[in-house]
Amino acid sequence: RPPRSTLFPYTTLFRSRELQSIITITCYCPQTGISKSAANTKETKGKITNHLTSIESKYPNSAIFLMGDFNTVQLKLPKYQQTVTKRTRKNKTLDKCYVNIKNAYQRCDKLSSLGKSDHNIIHLISNY
């Protein structure tokens, strides 16, 4: 059976009066080694959801950003808004940014890739 992995590092950036903290979570769901079967996709979605729930309960008044290369994993997170609206690799939007602050961004710009990467850089323009 091929290996499966998902990466979940997170960082608390700073604290403010309005927010307990701002947390960024980087998630990588590799295409290679992950079967596209419904069971494996469901397992990956479950891991991501459980991790988010844990962070939300530990840091209740925080801005949470879940971002990364999700490949074939399609998430439905009711508390979060997916902010990347441009294609990030060829004709697909594989790289996404979910944030628990609705309408936090007014625009999403696609920039050229960095170095030898085959994914584009995304620049999110804040409403604040």
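Every read-out reported here was derived from the displayed coordinates using simple, explicitly stated rules and does not represent laboratory data. Quick caveat, the model's predicted, so the values are computed rather than measured. Here Cβ is always computed from backbone atoms with ideal geometry, including for glycine, and neighbour counts include all displayed protein chains.
Note on segment 26-120: semi-axes of the ellipsoid equivalent to its C-alpha gyration tensor, largest first and rounded to whole Å, are 22, 20, 11. May I ask for the percentage of alpha-carbon pairs in segment 65-128 that lie more than 13 Å from each other? Looking at segment 65-128, the distances longer than 13 Å represent 62 percent of pairs. Our estimate of slack between Leu19 and Arg89, defined as 0.36 nm per intervening residue step minus the Cα-Cα distance, is 21.9 nm.
Taking only the C-alpha atoms of segment 58-100, the Rg (one decimal) and the largest Cα-Cα distance, Dmax (whole number), read 11.5, 38 Å.
In order along segment 54-64, the Karplus-derived 3J(HN,Hα) couplings, from 6.51 cos²θ - 1.76 cosθ + 1.60 at θ = phi - 60°, round to 4, 5, 4, 6, 6, 10, x, 10, 10, 7, 10 Hz, and Gly and Pro are given as x.
Lysines within cross-link reach of Lys102: Cα-Cα under 29 Å, excluding same-chain residues under 8 positions apart? Of all the lysines, those that pass the test against Lys102 - Cα under 29 Å, at least 8 places apart if same chain - are Lys42, Lys45, Lys47, Lys58, Lys76, Lys79, Lys86, Lys90, Lys92, Lys110.
Among 62-70, 97-105, the peptide with the highest mean count of other Cβ atoms within 10 Å heads the list, and the full ranking is 62-70, 97-105.
A straight chain from Thr26 to Lys116 at 0.36 nm per residue would run longer than the Cα-Cα distance by 30.4 nm.
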